[in-house]
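**Q** Have a look at this one.
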Amino acid sequence: MKQNGMVEISAMTLNALKQLLFSEDGVNLTSIVDDLAAGGKNKDLSAINVGLTFKGIKPEMDMSPRWGNFNEYWRQYTSYIPIGYSLILDRVTYKKMDISREKEKDAWIPGKVCEDSMSMNDWLNLTTDESEVDSFIAKVLEKYPV
């Protein structure tokens with residue numbers, strides 16, 4: 001199932017959600033929201049994410065491995081293994097590894113593993129479909145036979 005990372009809602013609905021999250025607790029989280037919003041994020045969305053996190057509400061995320069950066073010329077693609085995510089920061093942390101085909105033989109060599117992060121929207125746009133990896137490998141083998 002392909003997920004899209006963004007949805008549009010009206011400003012009134014956004015404001016109502018924010019009021020719902022902050023109406024009962026009596027805890028003032030404004031300084032945290034203002035700090036996060038100063039980084040260029042939408043203040044209302046930041047307030048909702050802080051409120052949800054404060055209440056312990058964290059949406060489920062598909063923790064399946066993902067693939068991307070398919071490059072036939074370089075005979076390379078990237079594997080992404082999720083580690084965790086932050087609703088407030090709108091980031092997914094993952095381990096990534098480039099996988100390259102040796103030029104002289106049909107061997108796919110894993111590269112160095114490193115940790116990184118990307119926006120939730122970018123994460124959700126990577127593929128979880130292993131058949132896309134198989135299809136890419138078949139194209140490379142056809143284009144660059146051993």
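The numbers here are math on the coordinates, done by the rules we state, and not lab data. As the structure is a prediction and not an experimental result, all values here were calculated from the model. We place every Cβ from the backbone using ideal geometry, glycine too, and count neighbours over all the protein chains shown.
**Q** Considering each of Trp123, Trp74 in turn, give the residue that is outside any strand (DSSP E or B) and surrounded by 17 or more Cβ atoms within 10 Å (Cβ to Cβ).
**A** The conditions single out Trp123.
**Q** Here's another thing I want to ask about it. Within segment 92-112, take every residue that is crowded, with 17+ Cβ neighbours inside 10 Å and not hydroxyl-bearing (Ser, Thr, Tyr) and give me the one that is farthest from Lys55 (Cα to Cα).
**A** Arg101
**Q** From Ile81, Ile88, grab the single residue that is in contact with a helix residue (DSSP H, G or I) (Cβ under 8 Å, 6 or more places away or on another chain) and either free of Cβ contacts under 8 Å to residues at least 60 places away in the same chain or outside any strand (DSSP E or B) (or both).
**A** The match here is Ile88.
**Q** Would you point out the residue of segment 53-71, among those that are in contact with a Ser or Thr (Cβ under 9 Å, 6 or more places away or on another chain) and not in a strand (DSSP E or B), that is farthest from Tyr144 (Cα to Cα)?
**A** Here the residue is Thr53.
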